[in-house]
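Everything on this sheet refers to the single structure shown next.
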Amino acid sequence: QSDEVLTVIKAKAQWPAWQPLNVRAAPSAEFSVDRHRHLMSFLTMLGPSPDWNVGLSAEELCTKDCGWVQKVVQDLIPWDAGTDSGVTYESPNKPTVPQEKIRPLTSLDHPQSPFYDPEGGSIKLVARVVIERIARKGEQCNIVPDNIDDIVADLAPEEKEEDDTPETCIYSNWSPWSACSSSTCEKGKRMRQRMLKAQLDLSVPCPDTQDFQPCMGPGCSDEDGSTCMMSDWITWSPCSVSCGMGTRSRERYVKQFPEDGSMCKVPTEETEKCVVNEECSPSSCLVTEWGEWDECSASCGLGTKRRHRMIKMSPADGSMCKAETTEAEKCMMPECHTIPCLLSPWSEWSDCSVTCGKGMRTRQRMLKSAAELGDCNEELEQVEKCMLPECPIDCELTEWSQWSECNTSCGKGHMIRTRMIKIEPQFGGMACPETVQRTKCRVRKCLRGPGLEKRRWKEAREKRRSEQARKHADGEQYPVCRLKPWTAWTECSALCGGGIQERYMMVKKRAKTTQFTSCKDKKELRACNVHPC
């Protein structure tokens, strides 16, 4: 009842509200916004109820980058207007004095409330509103767009008559033409838009979603300047009678008034006769009107679609209602072979098949189109190599060598044996164990006393001389086994901790007979670098 409120969005109530959407379409309305009026509010009451309602307040339809939102979907909870204190849908009137501020209902307001929840959970959602942009014309929110002549070249009307849209591109209907960009008799352009709903084949490009046409300002063209631009008709109202012949009506509204400022003479409401039940008898039943058709059961080729209605009142005589509540008819979709594979997006790559080093990983996608449309040759799985940090490599060693000779000629000494590193440890692998081992050895006891030692030394020298004399005699008698001098000692096999050196005496001339079996190569070993590491 405020003089400050101007209604610009008006739609018929959904009554009765319990009808499902497949029986009766949700009410809808069209409205315009501009750079000065870009906040959208609406409210609708729930009836019967004390003062409950749903709605939106100051919903911003302008985006931060000075465009218009494409779609807003809001689920709505009930609010209390603060004018009535009832607690159920059918509570008697009980004015709230003084009036309270509007507030959202909660699940703990009153135990008798239909929204009551003793655990205080979220309140039930009771409605959903969808705001969708169907056309865009004129200016953006707060900027003036480029001149349309800079955006697109001239398009002759006859060039646009032939529709070359591929079958794989599915569009919405064209929006109404915008106002001409020129307000004078200079040549301008007007625009219309459509929305690309689906692109069944990404390899086939889809044409533009905007269309331009030459135009001139009001009064400059041959067209009638008093033409009104009207909205589509809103759904028919229910029949005025529950049985027999009655009337029903529907409305539309002016979307754009004539450019010459004249009044619209096009009717905004029309009425027609309707028949609910031709024979009104005790066995007749009352049904709703048919709802909207469901989607076609086939995605391509021939299918069926259905629509439904509900029984509002059973026959008074208690008999079964004979009216049909479901109706079906055939529907034709595009030929099946024209629809290519429909694939889901690729999944994320799997984990690498190994925990270190080189491995493989995979990703998949699903076939979304029906199997009866034919074979799909697109790959559904991809494999690629993956590389993780190198795997640890443990140390590898050769087998132990033979023990060396004792490092002393008499008394206590030691022998050593060694092994070599074949593979050094890498990337955190197991370290190498010891490569040299020592063990004690004992030769004959060393003789004590200088006289005895001197005698032993002389005996050894005489023995060596006699051996040399014998060998010399053998060599003259059998000049067939001669040895080269000893080679130099090899380098020590370890820098510390005990290693081994070797030297060799090679046969210079070998006997041809078998009686000199001792004539062969000789080898000597000795310990070296025995100091600790």
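If you go through the stretch 281-327 and keep only what is under 17 Å from C239 (Cβ atoms), assigned to a strand (DSSP E or B) and open to solvent by 60 Å² or more (accessible area, probe 1.4 Å), you end up with I311, K312, M313. C341 satisfies every condition listed in (1) modelled with pLDDT of 85 or more; (2) open to solvent by less than 60 Å² (accessible area, probe 1.4 Å); (3) in a loop (DSSP other than H, G, I, E, B); (4) closer than 30 Å to D201 by Cα except (1). Report whether or not G55 is of a type in the set (G, A, S), in contact with a Ser or Thr (Cβ under 9 Å, 6 or more places away or on another chain), in a loop (DSSP other than H, G, I, E, B) and modelled with pLDDT of 90 or more. Answer is no for this residue. For the stretch 374-390, the candidate set comprises residues that are assigned to a loop (DSSP other than H, G, I, E, B), in contact with a strand residue (DSSP E or B) (Cβ under 9 Å, 6 or more places away or on another chain) and surrounded by 12 or more Cβ atoms within 10 Å (Cβ to Cβ); within that set, the residue that is modelled with the highest pLDDT is L380. Checked against the criterion of being charged (D, E, K, R) and at pLDDT below 90, the stretch 97-114 has at least one qualifying residue.
Contact annotation: residue pairs with Cβ atoms under 6 Å, 6 or more positions apart or on different chains, pairing a residue in the stretch 427-448 that is closer than 18 Å to C406 by Cα and open to solvent by 80 Å² or more (accessible area, probe 1.4 Å) with a partner that is charged (D, E, K, R) and not in a loop (DSSP other than H, G, I, E, B), are R442/K412. What about S242, is it modelled with pLDDT under 70 and either of a type in the set (S, T, Y) or under 30 Å from E335 (Cβ atoms) (or both)? It is true that S242 is modelled with pLDDT under 70 and either of a type in the set (S, T, Y) or under 30 Å from E335 (Cβ atoms) (or both).
If you scan the stretch 87-107, which residues turn out to be open to solvent by less than 100 Å² (accessible area, probe 1.4 Å) and either assigned to a loop (DSSP other than H, G, I, E, B) or within 13 Å of I77 (Cβ to Cβ) (or both)? Scanning the stretch 87-107 gives V87, T88, Y89, S91, T96, I102, R103, P104, L105, T106, S107.
The values are calculated or read from the model by the stated rules, or taken from the named source; none is laboratory data. Keep in mind that this is a model prediction, so the values were computed, not measured. Don't worry about glycine lacking a Cβ; one is built from the backbone with ideal geometry, like all the others, and counts go over all protein chains shown. These accessible areas exclude ligands, DNA and RNA; they are computed on the full protein's heavy atoms, side chains included. Shrake-Rupley method; radii C 1.70, N 1.55, O 1.52, S 1.80 Å.
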